[in-house]
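This report refers to the structure that appears directly beneath it.
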Amino acid sequence: MDNRFFVDSAHLSEEALRRKHALEQDPSCRTDCMTYLPGMEQISPELRERVLTEMAGYDYSRYTGKDVLRALQHDRCTIEDLKAFLSPAAAPFLEQMAEKARLETRKHFGNTVYLFTPLYIANYCENYCVYCGFNCYNDIRRMRLTAEQIEHEMQVIAESGMEEILLLTGESHAQSSVEYIGEACKLARKYFRMVGIEIYPVNTEDYRYLHTCGVDYVTVFQETYDVQKYEELHLAGHKRVFPYRFEAQERALMGGMRGIACSALLGLADFRKDALATALHAFYLQRKYPHAEISLSCPRLRPIVNNGTIRPLDVGEKELCQILCAYRLFLPFAGITVSSRESRSFRDGIVKIAATKISAGVSTGIGDHEQKYTGKDTGEGGDEQFEINDSRSFRTMYQDMEQEGLQPVLNDYLYV
Amino acid sequence: MQTEDTLVLGGHTFHSRFILGSGKYSLSLIEAAVKYAGAELITLAVRRANTKEQESILDFIPEGVTLLPNTSGARNASEAVRIARLARELGCGDFVKIEIMRDSRYLLPDNAETVKATEILAKEGFVVMPYMYPDLNTARDLVNAGAASVMPLASPIGSNKGLATKEFIQILIDEIDLPIIVDAGIGRPSQACEAMEMGAAAVMCNTALATAGDLPLMAEAFRQAVEAGRKAYLSGLGRVLLRGAEASDTLTGFLHD
Amino acid sequence: MITVNGKPEDADGITVTALLARTGYTPQQVAVERNEEIVPRAQYDTVMLHDGDTVEIVRFVGGG
């Protein structure tokens, strides 16, 4: 059964409701999602075309157990092997894939696991992405932290021992300008040794500016690589422009960023095709920018405020594990992050096989770290983007990873 | 295979994946070597002419074979460029194999100068096939410089020592989108076959044939080896049974639903 | 005097064609450089050689 995404809020004006319903029901009210908006930088479409062509030609029903067995024998996983690993035919071979993936992970990363935490600094958003808690029609408590509040949050997090932070905002140019984000990054550099951002896609020059503010890596989720689905799920806002989002990682690298992350939000569309496209997106980026650090995320759909029924549909834990093993075998050098959307048992298991980075001490709300970390109520916070599943604190996570026989690493990077 | 398996270099299509060198044996054997090797590309060198030498090597090369002049003798990029231009003036098309050696003992190619020469000649419209020491960064530079293929050495030129650089050639095959042509050092058909199984686009040999007891027979052996290796590569090599124990604990036992 | 393939040659004031004929080269089989500039075959009849010129005459030989 499909997810039911559309939720009307009693707080919307009649006019807003009419606009919302029109966007939802009448495709002719929506803009062309392949057309760049004024001010959006355009770069070579070559990479995007390669990924989409490969994805369009992927017929996973064609692959058999024989293909999977052959792929398991290869020292190096080809694109064909990746397609076999992502196909339904690979399901009975999950244990073998996991064993091979474990060896690859250990070969490239030893027995380390990286810990980090995300920090949401604002949840204003101009987009209407129907599955997201921050979407502009969702009735939630909006908040944007001031510089003082950001610094306070960072102090609380830094005191816990964390050294790497990922700064996030909702996608609102008006409420969270590039300069506002840049100032937050400068603050983050004071408290953390590694700063990443997950914000709305910007032009090369803005990435360059943010890099000078202390940012090292840029995460952008494409959500789905299926253009038709993308169009149906991202009904309004800048995010609606598919190619501009797709090219964000490349612009980030052109702007001097050290690393990037790619991801599809699993459960939105055909997960096998989306996983293939994600891996190829990362693969071709690495080919074109060999110096770049490449990583992948693998979020599944989660319930949001005002819509607790959203599920990742056919992407169960077994399927997610299969995808992560395929990612690892195809991109043995890539970092793989598993977020707190996943359960404690899943994260404990997957770090032994394929994942290299996990979050801890997570809140996807705004300005509530002190409350969550110490129990001290600091008043109103902003609502969360999605419900998390694994709420372990930094300290607990650190100890748990050690218990699992892994070596937690907070940072292995000297800032240059 | 449904589609024809061809090698495309600078817009020219070849069916043979064996490139023949023409050095170190008599001109009278060239025709047989080409025929038995099934070669469609043959390398030549450019040298100062001796007076009153009426025999031309070109008269011994069968019709339809594409000439691939090399820049042997060049010690830097500018000498290679000069030789390439002279070769083109000799009227044999736009192909050039860049060879730049600064070392007369091992004859190892100078990668940095090779990149420079590639850039200049590619801009002048040559189909540039640079001979190089198998280094990934150099190979990427050659791609950016406009090379039509990359020709890593298997072992020192003329040594017949085989795939001494195997691991590094494999990296080039895996990472570079241009045809990787294994050149220099291949001494036996089995080594040529192995290079092709690895995914090399073609193999080039000279000394292995020139020093064989029966040159045409060895040429034929190389043709068959290259074809066999290519077919093995295209077919997807089969599995190898590994020795060793299965893990006793399942890794995936934690998965729910 | 001019230098042809490293050897001195008394060829001041003659054309490339004349030099090739005198020294016994087949023009179709060679390429000619004068002072490191290629002389196109079509200009062999018109390009004059002068005292102090350095001429290289090359051809294809076997090579790998």
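Note on the stretch A:100-112: among residues that are surrounded by fewer than 24 Cβ atoms within 10 Å (Cβ to Cβ) and either without any contact (Cβ under 8 Å) to a residue 12 or more places away in the chain or of a type in the set (A, V, I, L, M) (or both), the one that is farthest from the other protein chains (Cβ to nearest Cβ) is A:R106. Looking at the structure I just gave you, is A:D390 closer than 18 Å to A:T105 by Cα and at pLDDT below 95? No; evaluated as a whole, the condition is false for this residue. Can you confirm whether A:M154 is under 20 Å from A:I199 (Cβ atoms) and without any contact (Cβ under 8 Å) to a residue 40 or more places away in the chain? Answer is yes for this residue. Assess whether A:I140 counts as being aliphatic (A, V, I, L, M), away from chain B (no Cβ under 13 Å) and either without any contact (Cβ under 8 Å) to a residue 12 or more places away in the chain or closer than 22 Å to A:A252 by Cβ (or both). It is false that A:I140 is aliphatic (A, V, I, L, M), away from chain B (no Cβ under 13 Å) and either without any contact (Cβ under 8 Å) to a residue 12 or more places away in the chain or closer than 22 Å to A:A252 by Cβ (or both). Specify the residue that is surrounded by the fewest Cβ atoms within 10 Å (Cβ to Cβ); the eligible residues are those in the stretch B:50-90 that are among the hydroxyl-bearing types (S, T, Y) and facing chain C (nearest Cβ under 7 Å). My answer is B:T51. Only residues that are closer than 11 Å to B:I180 by Cβ and more than 16 Å from the chain's Cα centre (by Cα) were counted across the stretch B:136-155, and they come to 0. Within the set of pairs 6 or more residues apart or between chains, which connect a residue that is at pLDDT below 95 inside the stretch A:35-48 to a residue that is surrounded by 15 or more Cβ atoms within 10 Å (Cβ to Cβ) and not in a loop (DSSP other than H, G, I, E, B) with Cβ atoms less than 8 Å apart? Cβ pairs passing all conditions: none. Filtered by the rule that a residue be away from chain B (no Cβ under 14 Å), in contact (Cβ under 8 Å) with a residue 60 or more places away in the chain and of a type in the set (A, V, I, L, M, F, W, C), the stretch A:49-80 gives A:V51, A:L52, A:M55. Across the stretch A:81-99, the qualifying residues are those that are out of contact with any helix residue (DSSP H, G or I) (no Cβ under 6 Å at 6 or more places or on another chain) and away from chain B (no Cβ under 12 Å), and the one among them that is nearest to A:Y230 (Cα to Cα) is A:K83.
Table: residues versus (1) over 14 Å from B:A49 (Cα atoms); (2) within 11 Å of chain B (Cβ to nearest Cβ); (3) under 9 Å from the mean Cα position of the chain (by Cα); (4) assigned to a helix (DSSP H, G or I).
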{"position": "C:A11", "(1), (2), (3), (4)": "yes, no, no, no"}
{"position": "C:T17", "(1), (2), (3), (4)": "yes, no, yes, yes"}
{"position": "C:R22", "(1), (2), (3), (4)": "yes, yes, no, yes"}
{"position": "C:V32", "(1), (2), (3), (4)": "no, yes, yes, no"}
{"position": "C:I38", "(1), (2), (3), (4)": "yes, yes, no, no"}
{"position": "C:D45", "(1), (2), (3), (4)": "yes, no, no, no"}
{"position": "C:D51", "(1), (2), (3), (4)": "yes, no, no, no"}
{"position": "C:G64", "(1), (2), (3), (4)": "yes, yes, no, no"}
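For beta carbons closer than 9 Å, sequence separation of 6+ or different chains, a first residue in the stretch B:9-37 that is more than 14 Å from every other protein chain (Cβ to nearest Cβ) and a second that is among the aromatic types (F, W, Y), the qualifying pairs are B:L9/B:F95; B:G10/B:F95; B:G10/B:F126; B:H12/B:F95; B:Y36/B:F222. Can you find a residue that is out of contact with any helix residue (DSSP H, G or I) (no Cβ under 8 Å at 6 or more places or on another chain), at pLDDT below 95, closer than 22 Å to B:L7 by Cα and more than 13 Å from chain C (Cβ to nearest Cβ) anywhere in the stretch B:102-112? No, because not a single residue in the stretch B:102-112 is out of contact with any helix residue (DSSP H, G or I) (no Cβ under 8 Å at 6 or more places or on another chain), at pLDDT below 95, closer than 22 Å to B:L7 by Cα and more than 13 Å from chain C (Cβ to nearest Cβ). Is it the case that the stretch A:82-99 has a residue that's more than 23 Å from A:L320 (Cβ to Cβ) and buried (at least 16 other Cβ atoms within 10 Å of the Cβ)? Scanning the stretch A:82-99, I find no residue that is more than 23 Å from A:L320 (Cβ to Cβ) and buried (at least 16 other Cβ atoms within 10 Å of the Cβ), so the answer is no. One residue stands out among those in the stretch B:61-91 that are among the acidic types (D, E) and assigned to a helix (DSSP H, G or I): the one that is nearest to the chain's Cα centre (by Cα), which is B:E79. Taking the residues in the stretch A:302-323 that are within 11 Å of chain B (Cβ to nearest Cβ) and under 17 Å from A:E104 (Cβ atoms) as candidates, determine which candidate is surrounded by the fewest Cβ atoms within 10 Å (Cβ to Cβ). If we take residues in the stretch A:302-323 being within 11 Å of chain B (Cβ to nearest Cβ) and under 17 Å from A:E104 (Cβ atoms), then A:C321 is surrounded by the fewest Cβ atoms within 10 Å (Cβ to Cβ). None of C:V4, C:V61 is over 30 Å from B:P109 (Cβ atoms) and surrounded by 17 or more Cβ atoms within 10 Å (Cβ to Cβ) except C:V4. Counting only helices (runs of 4 or more DSSP H) that sit completely within the stretch A:116-216, those holding 2 or more residues that are of a type in the set (K, R) and either out of contact with any Asp or Glu (no Cβ under 8 Å at 6 or more places or on another chain) or crowded, with 20+ Cβ neighbours inside 10 Å (or both) correspond to A:178-191. Condition first: in a loop (DSSP other than H, G, I, E, B), among the basic types (K, R) and under 20 Å from A:E163 (Cα atoms). Can you find one or more residues in the stretch A:392-401 that meet it? There is at least one residue in the stretch A:392-401 that is in a loop (DSSP other than H, G, I, E, B), among the basic types (K, R) and under 20 Å from A:E163 (Cα atoms). When each of C:R22, C:R59, C:R41 is tested for being without any contact (Cβ under 8 Å) to a residue 24 or more places away in the chain and within 30 Å of B:Y131 (Cα to Cα), the lone residue that passes is C:R41. Do the conditions hold for B:T118, that is, is it of a type in the set (V, I, T), crowded, with 24+ Cβ neighbours inside 10 Å, in contact with a helix residue (DSSP H, G or I) (Cβ under 9 Å, 6 or more places away or on another chain) and assigned to a helix (DSSP H, G or I)? When the stated conditions are applied, B:T118 passes them.
Listed by position, the strands (runs of 3 or more DSSP E) inside the stretch B:1-60 whose residues that are under 18 Å from the mean Cα position of the chain (by Cα) and over 19 Å from B:V128 (Cβ atoms) number at least 3 form an empty set.
Scan A:Q249, A:Q286 and give me the residue that is surrounded by 24 or more Cβ atoms within 10 Å (Cβ to Cβ) and in contact with a strand residue (DSSP E or B) (Cβ under 6 Å, 6 or more places away or on another chain). It is A:Q249. Taking helices (runs of 4 or more DSSP H) as the structural unit, those lying wholly within the stretch B:121-236 and holding at least 1 residues that are more than 14 Å from chain C (Cβ to nearest Cβ) and touching a helix residue (DSSP H, G or I) at 6+ places or on another chain (Cβ under 6 Å) correspond to B:136-145, B:166-175, B:189-197, B:215-235.
Of the residues making up the stretch A:336-364, those that are of a type in the set (K, R) and either crowded, with 20+ Cβ neighbours inside 10 Å or part of a loop (DSSP other than H, G, I, E, B) (or both) are A:R341, A:R347, A:K352, A:K357.
The values are calculated or read from the model by the stated rules, or taken from the named source; none is laboratory data. A quick note: this is a predicted structure, and the numbers were derived from the prediction, not measured. Cβ coordinates were reconstructed from backbone atoms using ideal geometry, including for glycine residues, and neighbour counts include every protein chain displayed.
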